[in-house]
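The values are calculated or read from the model by the stated rules, or taken from the named source; none is laboratory data. It should be emphasised that the depicted structure is a prediction, and the values quoted were computed from it without experimental measurement. Positions of Cβ are generated from backbone atoms using ideal geometry, with glycine treated the same way; all protein chains shown enter the neighbour counts. Just the protein is used for accessible areas: all its heavy atoms, side chains included, with ligands, DNA and RNA removed. Shrake-Rupley method; radii C 1.70, N 1.55, O 1.52, S 1.80 Å.
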Amino acid sequence: MTALASELRRISVGIGQLAVSSDAGEVLVAYGLGSCVGVSAYDPSLRLGGLVHILLPDSEGRGCDGREPARFADIGIDSLIRRMVEGGALKGRLTVKMVGGAAVLGAANAGKFKIGERNAEAIKERLLRHGLRPAAEDLGGVKGRTFEVHIGVGRTYVRTAASSPTEL
Amino acid sequence: MATILVVDDAAFMRMRMSKILAEAGYEVVQAENGIDAVQKYKGSRPDAVLMDITMPEMDGLTALKEIRAHDPSARVAMVTALGQQQIVLEAVKSGARDFLVKPCEGDRVLAAVSKLCA
Amino acid sequence: MNASLAETITGTLSRVARDGAVRAGRGLSGLMGQEITIHIPSVRIGTKADACDAVGGEESIVLGAYLSMSGDISGHVMLLFPIGRALECVDLMCGEAPGTTAEPDELAESAIGELSNIVGSAFVNALGDYTGLVLHPSPPVILHDIAIALVQSVYAEILSQGGDVVMIDTVFEDTSGATAGLLILAPDPLCLALLKEHAA
C-alpha cells in the first residue's frame, strides 16, 4: 500500500448497499463478507468505481420491507451496472471482481450452509446477462473477508482476520 | 485407588476434571466422544464414569446405553451443559446414577464421584 | 409475520431469554470466579447486524463458537467475544494470571468452546423447559473471525428460508461494566409456529 493510504477516506458499503465514486481520495469497503459477496466494477478510462454488498441470491417472492433492495443478487447487480452506466461508464470497459461467499460457521457445517456458494453463482449468472464476467475473484473457503476498492488507482485488496491486505 | 473415566469432547474440560480428580487421588482415563468412551470402558474397566452428553461421533446418552448394555452394573454420572428436564429424565431412565449440570464446582464433582464409588 | 404471532413469539422468547440469562449468568460466574451480569436480552424481529456494536463494531475480530440447534426446534446459537476479552476469560477459567494467554492456542479455543457451550446451552435449556420441547445443541464449532461476517451469515441463513428473522441478542458484562460477550439465538423460521403452539 502506498504512503498515501492513510489519507484515503474509507466509505463503508454495508449489507444491501451500493456506492459508486470517481473521487480519487476514496476507498469503497465491504467489511466482513461471510456468506455475503462484494462485487466491484471499475471503468479505468473514467476512474469510476462501484461496489455492491450482496446478501441473498435472489429477490424472488420476497419483499425487503423497503430496506436495501441491492441485498439481492439480481437487483444488486442490475443496480451496480445501471449506476456505473449512469456515471458514464461503458460496459465493455468494466473490470468486475467478486469477493466473499464463504461458509464461516465451521468447515464441518459447510455442507449445510450453501448461501455463500449460491450467492456467487447467482451473481455470475446475472453478470452474464449483462455480457460481463469477473476478471478476478476470491470466493468460498471458511473465513470472512474485507474487500477494498481504491478508486484513485483502480486497485482492489482483500484481507482477513489473519492476513494483511493482498491485492486481488 | 479408584479409576474414573472422564468423557468430554472439550480438551479444556477433560483437563479440568482430570486435575480435580488426580488431586483427590483418583486414577483418570480420558475419552473424547461416545465411541471412545465405550471402547475405553471395555478396555480399562473404570470404577465410575463422568459422561458429557453433547459430543461428536456418538453422544453421551447413546454411550451411556451402550455401556450399561455391556455392563449393567456400570456407574455413570452425566456431567453436561444440557440440563433440560426431559433430558435428565431420559438419562436417569437409561441408568445414569447422577446428573450434574455444568459448570460444576470441584467439590460437587468429587462428592458425585465419591457417591458413585461407594 | 402477522401481529399476533409476532407478539406471542416476542413474549415467549422474552420470558425464555430472561430465564436463560439467569442460568447463563450463574454458569459464567461459576466458570470465571467473578460476577458476570447478563443484560436482559432484547428479542428482535427482523433485526440486523447492529448486534456487532456489542463486540466492538463490525470489523472487530472475535473469538467464539457456533452451535446448531436441533430437535423439536432447529436454529442457531452463537457466542462471540472480542478477542482480548476472550483471552482474559481463558485465563480466568484456567486459574491463570490475567495476561497469561496471549494468543488463541488449542487449549484456549477449547476453553472458549466450552464457555460457549455452557452459556448457549443455558438458553437452549430455558427454551426447552419453557416450551416442553427437547432441544439438542451441537458440539461447538470454534470461530475466530471478523464479527460482522459471522453475524450476517446466521442472518442470511434464516432469511433464505423465507421467514422472519427472530433473534435474541444479549450482552454480558463483568462488574467493571466492560463487555464480555454477545449471544445470538435464532430459531429457524419454520419452527416459529411450533414455538407459538408451545408457548405457555
Any residue at all in the stretch B:5-17 that's open to solvent by less than 50 Å² (accessible area, probe 1.4 Å) and more than 14 Å from every other protein chain (Cβ to nearest Cβ)?
yes
Filter the stretch A:146-168 down to the residues that are open to solvent by 40 Å² or more (accessible area, probe 1.4 Å) and in a strand (DSSP E or B) and list them by number.
A:Arg155, A:Arg159, A:Thr166, A:Glu167
Verdict on C:Ala156 being modelled with pLDDT of 80 or more and over 28 Å from C:Glu59 (Cα atoms)
no
Do you know which residues across the stretch C:54-83 are open to solvent by less than 10 Å² (accessible area, probe 1.4 Å), part of a strand (DSSP E or B) and either among the aliphatic types (A, V, I, L, M) or without any contact (Cβ under 8 Å) to a residue 40 or more places away in the chain (or both)?
C:Val62, C:Leu63, C:Ala65, C:Leu67, C:Met69, C:Val77, C:Met78, C:Leu79, C:Leu80
Given the conditions (1) more than 12 Å from every other protein chain (Cβ to nearest Cβ); (2) modelled with pLDDT of 95 or more; (3) under 18 Å from A:Ala19 (Cα atoms), which single one is not true for A:Glu121?
(3)
May I ask you to verify whether A:Gly144 is of a type in the set (Gly, Ala, Ser) and in contact with a helix residue (DSSP H, G or I) (Cβ under 6 Å, 6 or more places away or on another chain)?
yes
Taking B:Glu66 as the residue in question, decide whether it is of a type outside the set (Gly, Ala, Ser), open to solvent by 60 Å² or more (accessible area, probe 1.4 Å), away from chain C (no Cβ under 14 Å) and closer than 19 Å to C:Pro139 by Cβ.
yes
Among the residues of the stretch A:11-60, which ones are open to solvent by 10 Å² or more (accessible area, probe 1.4 Å), more than 9 Å from chain C (Cβ to nearest Cβ) and closer than 22 Å to A:Gly116 by Cα?
A:Gln17, A:Leu18, A:Ala19, A:Asp58, A:Ser59, A:Glu60
Residue among B:Gly83, B:Gly60, B:Gly34, B:Gly95 that alone is within 30 Å of C:Asp19 (Cβ to Cβ), modelled with pLDDT under 95 and not basic (Lys, Arg):
B:Gly83
So how many residues does the stretch C:118-149 have that are more than 14 Å from chain A (Cβ to nearest Cβ) and in a helix (DSSP H, G or I)?
13
List the number of the failed condition for B:Pro56; all other conditions in (1) within 22 Å of C:Gly113 (Cβ to Cβ); (2) open to solvent by 60 Å² or more (accessible area, probe 1.4 Å) hold.
(2)
